[in-house]
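K.L.:
My structure is below; once you've seen it, I'll send some questions.
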Amino acid sequence: MSFGVWLCALGLVCFGVRRLLRLRPGHLPFPPGPPAPIPWIKHAFQIPSNHQWLTFSDWHKIYGDVISVKAFGQHIVVLGSLKACTDLCEKRSSVYSDRPDLPMLKELMGWGWLIGFMGYGAEWRTQRRAFHQVLNSRESASYQPIQVREARKLLKRLLVSPERFYHHVRHELGAIIMDVAYGIKIAEDNDPYIELGEAAVSTVVLGGDPTVYFVNTFPWLKYIPSWFPGARFKQDAAKWKLIGQDFKNVPFNHAKDAMKSGTASPSFVSTLLDKFSNAWDTTATDSEKEDIVSSIAAGAYLAGADTTVSSLQTLFLVMANHPDIQKRAQEELDNVVGNERLPDFDDQDKLPYVTAVCKELLRWQPIVPLGLPHAASEDDEYNGYFIPKGSIVIGNIWAILQDPSHYPKPESFNPDRFMKDGQIDPDVLDPALAAFGFGRRICPGRWMSSQALFITVASVLAAYNIAPPLDDNGQPVYLVPNMLSGLVSYPAPFKCVITPRSEAAQRFVQEDAMIVSTSS
């Protein structure tokens with residue numbers, strides 16, 4: 001073969017190699033985003049410290065439903081459409097089921113056992129299988145009597161001290177999860193388990209937020225001593241670690257002791273330690289099994305007792321601002337339930353408008369506006385863009401549920417958007433498809449959460465009128481929705497007027513509360 005032929009062949013090989021190099025994922029552009037004029041720091045100062053979902057939503061309008069930013073070397077990809085979240089987090093779940101590393105929460109605070117923040121792997125799969133055993137749709141239905149009982153107790157508390165509705169809602173959800181997870185019946189006031197749970201929730205909300213502590217951005221900071229200037233985070237972590245250990249172990253040990261004495265009520269703990277014991281990995285020791293079960297029960301409390309609270313607190317705000325919506329829901333309840341009893345789960349199929357109110361509560365102000373962040377476990381390409389391994393991938397749930405193509409005039413609270421011919425319109429996107437996360441990391445307690453939302457909304461509206469406070473001139477005060485920033489978004493505290501719908505409603509709440517108190 002002549003030299004010229006060899007030269008041509010070498011040229012073709014080099015051309016092919018160059019083409020392959022140009023086409024490999026690493027040479028594709030990153031998803032678009034706002035200009036970042038400062039090297040390495042990039043977008044760090046452009047991402048706000050609160051209500052980030054609003055800023056990301058503004059950027060989606062400019063750069064598209066898949067955008068990226070970078071801060072201190074960390075790539076962050078934000079998905080602003082249900083399609084993008086489905087394409088990546090569900091259809092490519094093997095790549096996008098991991099969680100970003102959070103040294104503050106997982107290492108310093110010792111909360112690495114918490115399934116919501118746990119990395120994707122064998123330990124997570126073990127917990128997930130166990131979660132499914134006790135929180136699938138069929139098992140969740142078995143917890144409805146507990147949810148009905150606690151909803152009735154909520155009505156009694158609202159009768160005694162309506163101004164404390166914020167606290168009463170938290171108490172209700174905490175009582176449900178504590179009973180379902182541990183078989184523990186909590187006290188009416190100052191319950192130590194609820195107080196421990198509330199402390200645990202507050203620590204996770206802070207430690208699990210990637211933006212609150214610098215150590216989550218610069219992991220090497222975890223090695224500095226706690227006495228070093230600026231190392232207050234290590235002191236916080238040490239204190240919160242003790243709270244986490246107590247919360248994981250104290251109610252679990254109570255449930256385990258009750259099993260030994262034969263006084264245990266059915267619960268996650270008793271089910272997973274007893275009924276499904278033969279389903280565990282045979283190589284696991286009893287201590288390892290107990291550690292997994294205690295992690296599952298505590299994780300269920302943290303997920304269930306904190307998230308649904310936001311939607312129920314928002315209920316009081318929107319009903320005070322929209323008496324027309326309240327009246328229509330109450331008329332439907334009166335037609336189905338009458339004035340001789342309170343609503344039950346058997347009534348749900350006959351209460352489409354009340355169901356629509358629940359859907360709109362999930363949509364209008366999402367509980368977790370940015371969900372829990374995913375992480376790319378390998379390099380990937382999507383729609384011609386490169387997503388590098390280790391990228392934090394965020395589903396902008398707020399943007400999805402405010403998309404006017406799915407929900408016209410999304411800023412308005414309007415349950416009618418889900419109605420057609422007097423029934424739920426199946427063609428309207430169900431907010432639950434986004435509100436509870438995506439793919440393999442979707443919230444395992446979504447069925448139970450939806451149940452608690454329905455029975456509480458239906459019970460409160462059947463028994464009470466909710467109105468705004470009056471100003472000095474006797475005029476209603478419009479309650480401005482002020483959603484607080486954080487991993488979970490709550491409405492800022494507000495006042496409203498809660499009164500029984502009638503003397504009969506008041507009497508029935510009192511009588512029913514006495515029956516519930518006796519039976520429980």
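K.L.:
Identify, among ILE176, GLN46, PHE413, the residue whose Cα sits farthest towards the positive end of the charge dipole of the chain, taking +1 on the Cβ of Lys and Arg and -1 on the Cβ of Asp and Glu, with the dipole about the Cα centre.
P.N.:
Highest projection toward the positive end goes to GLN46.
K.L.:
Sort the following peptides by mean Cβ neighbour count (other Cβ atoms within 10 Å, averaged over residues), highest first: 245-252, 343-350.
P.N.:
Peptide ranking by packing, descending: 245-252, 343-350.
K.L.:
Can you work out ³J(HN,Hα) from phi for every residue in segment 310-321, in order, using Karplus 6.51 cos²θ - 1.76 cosθ + 1.60 and θ = phi - 60°, giving whole Hz and x for Gly and Pro?
P.N.:
Using θ = phi - 60°, the values come out as 4, 5, 6, 5, 5, 3, 5, 5, 6, 5, 5, 7 Hz.
K.L.:
Near MET104, within a Cβ-to-Cβ distance under 13 Å, what is the net charge of the other residues, with Lys and Arg +1 and Asp and Glu -1?
P.N.:
Charge balance in the 13 Å sphere: +2.
K.L.:
Once you have the Kirkwood Rh of segment 31-519 from its Cα pairs, apply Stokes-Einstein at 4 °C and 1.567 mPa s and quote D in µm²/s.
P.N.:
In µm²/s, the coefficient is 54.
K.L.:
Another question, if that's okay. Defining a contact as two alpha carbons under 8 Å apart and six or more residues distant in sequence, what relative contact order in percent does the chain show? Show your work: numbers first, answer last.
P.N.:
Working: 752 pairs, mean separation 122.1, N = 520.
Dividing the mean separation by the residue count of the chain yields 23 percent.
K.L.:
Could you grab the relative contact order for segment 205-296? Cα pairs under 8 Å, six or more apart, rounded to a whole percent. Spell out each step's value before the answer.
P.N.:
On the way: 37 pairs, mean separation 14.9, N = 92.
Relative contact order for segment 205-296 comes out at 16 percent.
K.L.:
Are there trypsin sites (Lys or Arg not before Pro) in segment 135-197 that DSSP marks as loop and that have at most 16 other Cβ atoms within 10 Å, and which are they?
P.N.:
Filter output for segment 135-197: LYS185.
K.L.:
For LEU487, what charge total do you get from the other residues with a beta carbon under 12 Å from its beta carbon, if Lys and Arg give +1 and Asp and Glu give -1?
P.N.:
-2
Just so you know, all these numbers are worked out from the coordinates, no wet-lab data involved. Please read these numbers as outputs of a predicted model, since none were measured by experiment. Virtual Cβ from ideal backbone geometry, glycine too; neighbours counted across all protein chains shown.
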